Amino acid sequence: MKSLRRAIERYYLSIFILSMCAMAVVFLVTVERLTMNQIDQDLYAFANDLIQFLENPSGELIAIFGKKDYSFQVIENGKTYASYNVTDKLPAGHEGFAIDDYKRIYATTSGTYRVIVAKNIKDHFILIVTLSLVLGSIILILSILIHRFGLKLTSRMIQPIEEIGKQMDDVSRGLAKQIQIEPTSQEAHILQEQINDALTRLHNTMEELREFASSLSHQLRNPLASARAQIEVMLKEAKSEETKMELLSVMKNINRMVQITSGLLLIARAQHQREDSFQEEDLSVIVLESVEQVMQRFPQIDFVLDVPAEIKARCVSGLLSHAFLNLVENACKYTEEGKSVEISLKQQDAAVIFSVSNHGEPVAKEEREKIFERFYRAKNAKNEGLGLGLAVVKAIVDLHHGKVQYSYNGVNRFTIHLPK
C-alpha cells in the first residue's frame, strides 16, 4: 500500500519542478525570440542601407566600422560585385532569413543586384546555453530547498494521522479508551472528536452486549439445568423401558442444547471480552494444565511435548486455556490408534506459536477453509460433535489478535500464532 506521506511529497515536488521548468522554457524562448528579432531588424536595416547605396552611389556612405560580426556580399549577373568580411561564399539560394553555421543570413533581390548580409550569432547561442545552465542550476537548488521545506510541512500535516494510528493500536489492545493528539489543523481536531465519539458509542455498545450475553447465559442455563435434574429424577422412578427410552432421548436433546448454548455463549464472550482483562500470563503453564486435563480422558494416547518454561504473553488465560484444550482434545479424538499426539510451544520473533499434531485422516482440501465456521462439520467428523469447537477456538484467537491455521503434511497440524 502506498504511503500518504510519500505521495504528497512526490505530488508537490513534481508540480513545483514541472512549473519551474515550464517557466524556464517560456523565459528562454522569449529571450531567444526577442534577441533574434533584434538581430533580424539590424540585418534588414543593413541590407536596406546597402541597396540604397547601390541605387545611389553618390549618397551617404555606409558605416561598417564596429560591425566586425557582420558580413555582406553583393552579386550582379552571377558575379560578386562587392563583399565585406566574407571568408566563404554566403549561401544565396533562399529569400529572406535563414541560419547557416552559426550565422544569421538575410538575402534579398533589388533590380540586378542580389544582396546577402549575415551576422555571426555564435555569442547568441552561447548566451542561450549559459542562461539554460543557470536556470537549470537555480531550479535544482530551489527543488532541494523546497523538498526540505516540504518534508517539514508534510510531516506536520501527516503527524496527526500517524499519531491517531498509534493511539488506535493502543485502544485496540485495551491500553487506552480515547485518543488524545495535538491537532495541527481544524480538520485534525474535528477528526479526533469524531473518532472519540465513535469509540465512546462503541464502548457503550460492547458493554450492552456483554451484559446481554451474561444475562442470556444465566437465563438459559438455569431452566436447562432444572429440566435435566427433573428428568434424572424421572429416570430413577420410571418403571417401563419405553418411558426410560423417551426420557433418555429428551435428556440427550437437553445435553445437546446445553452444549450448543455453552459454545455460542463462549463465542459471544470471546467476541465481547474487555481488552483491559488481558494479563501477562505464562503460556507454558496454561498449555501443560490443558494437556494434563486431556491426558486423564485419553490415558491410552502417548503425548510428545515440546513446551519450554516461561513463555509469556498478554492474554485472557481462561479463554486461551479453552482453545488449547479444544485443539488437544480434537487431536486425541481423531488420531490413529497407537499413534502419538505432538504438542509444541515456542517463541518466534514477536510471536508465540502453539501447535498440536496427530496422525489421522486429513481434512479434505475443499473443506479446509470452512472448518472454522459455526456448525460446519467435516466429512470425517465424529457423530457427537456440534461443529462449534473450532469456531470457538477461532473466536478466542481473534480476540487475542492472532490467527489459527490447519495444514497437512503427512500429519494433521493446527497452529495458533499469538502476538506477545
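The values are calculated or read from the model by the stated rules, or taken from the named source; none is laboratory data. Values in this document were obtained by computation on a predicted structure and should not be read as measured data. When we count neighbours, we look across all protein chains shown, and the Cβ atoms used for this are built from the backbone with ideal geometry, even at glycine. Side chains included, ligands, DNA and RNA excluded: accessible areas come from the protein's heavy atoms. Shrake-Rupley method; radii C 1.70, N 1.55, O 1.52, S 1.80 Å.
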Restricting to the stretch 92-131, give me the number of residues that are hydroxyl-bearing (S, T, Y), surrounded by 14 or more Cβ atoms within 10 Å (Cβ to Cβ) and over 16 Å from M36 (Cα atoms). 3
Would you tally the residues in the stretch 335-344 being crowded, with 19+ Cβ neighbours inside 10 Å and either farther than 20 Å from E289 by Cβ or out of contact with any strand residue (DSSP E or B) (no Cβ under 9 Å at 6 or more places or on another chain) (or both)? 1
Of all residues in the stretch 187-201 being surrounded by 11 or more Cβ atoms within 10 Å (Cβ to Cβ) and more than 26 Å from the chain's Cα centre (by Cα), which is nearest to I161 (Cα to Cα)? D197
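Does L216 count as at pLDDT below 75, assigned to a helix (DSSP H, G or I) and surrounded by 14 or more Cβ atoms within 10 Å (Cβ to Cβ)? I'd like the intermediate steps shown before the answer.
On the way: at pLDDT below 75: yes; assigned to a helix (DSSP H, G or I): yes; surrounded by 14 or more Cβ atoms within 10 Å (Cβ to Cβ): yes.
Spelling it out, L216 is indeed at pLDDT below 75, assigned to a helix (DSSP H, G or I) and surrounded by 14 or more Cβ atoms within 10 Å (Cβ to Cβ).
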Scope the stretch 396-420; condition in a strand (DSSP E or B) and open to solvent by 40 Å² or more (accessible area, probe 1.4 Å); matching residues: K403, Q405, S407, Y408, R413, H417, P419
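Closer than 22 Å to G96 by Cα and open to solvent by 40 Å² or more (accessible area, probe 1.4 Å) - does that describe any residue in the stretch 2-13?
Of all residues in the stretch 2-13, those closer than 22 Å to G96 by Cα come to none.
No: the stretch 2-13 contains no residue that is closer than 22 Å to G96 by Cα and open to solvent by 40 Å² or more (accessible area, probe 1.4 Å).
Count, please, the residues in the stretch 345-363 that happen to be open to solvent by 30 Å² or more (accessible area, probe 1.4 Å) and of a type outside the set (D, E, K, R). It would help to see each step written out before you state the result.
Taking the stretch 345-363 first, the residues open to solvent by 30 Å² or more (accessible area, probe 1.4 Å) are 346-350, 359, 361-362.
This time we only want the ones that are of a type outside the set (D, E, K, R), so: 347-348, 350, 359, 362.
Number satisfying all stated conditions: 5.
Okay, residues lined up against (1) in a loop (DSSP other than H, G, I, E, B); (2) among the charged types (D, E, K, R); (3) at pLDDT 80 or above:
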| site | (1), (2), (3) |
| --- | --- |
| T261 | no, no, no |
| I267 | no, no, no |
| Q273 | yes, no, no |
| K333 | no, yes, yes |
| E337 | yes, yes, yes |
| I343 | no, no, yes |
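Yes/no matrix, rows are residues, columns are (1) touching a residue at least 40 places away in the same chain (Cβ under 8 Å); (2) assigned to a helix (DSSP H, G or I):
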residue: I75; (1), (2): yes, no
residue: L131; (1), (2): yes, yes
residue: S137; (1), (2): no, yes
residue: E163; (1), (2): no, yes
Any residue in the stretch 13-38 that's polar (S, T, N, Q): show its pairings with residues that are assigned to a helix (DSSP H, G or I) at Cβ separation under 9 Å, as long as the two are six or more apart or on different chains. T35/H124; T35/L127; T35/I128
Residues of the stretch 90-123 being in a loop (DSSP other than H, G, I, E, B) and more than 15 Å from K67 (Cα to Cα), in sequence order, are L90, P91, A92, G93, H94, E95, D100, D101, Y102, G111, T112
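Please find, within the stretch 148-186, the residue that is modelled with the lowest pLDDT out of those that are in contact with a His (Cβ under 8 Å, 6 or more places away or on another chain) and open to solvent by 80 Å² or more (accessible area, probe 1.4 Å). Step through it out loud before you land on a result.
First, pick out the residues of the stretch 148-186 that are in contact with a His (Cβ under 8 Å, 6 or more places away or on another chain): 172-173, 177, 183.
Those left that are additionally open to solvent by 80 Å² or more (accessible area, probe 1.4 Å): 173, 177.
Working: R173: 63, K177: 74.
Looking at residues that are in contact with a His (Cβ under 8 Å, 6 or more places away or on another chain) and open to solvent by 80 Å² or more (accessible area, probe 1.4 Å), I get R173.
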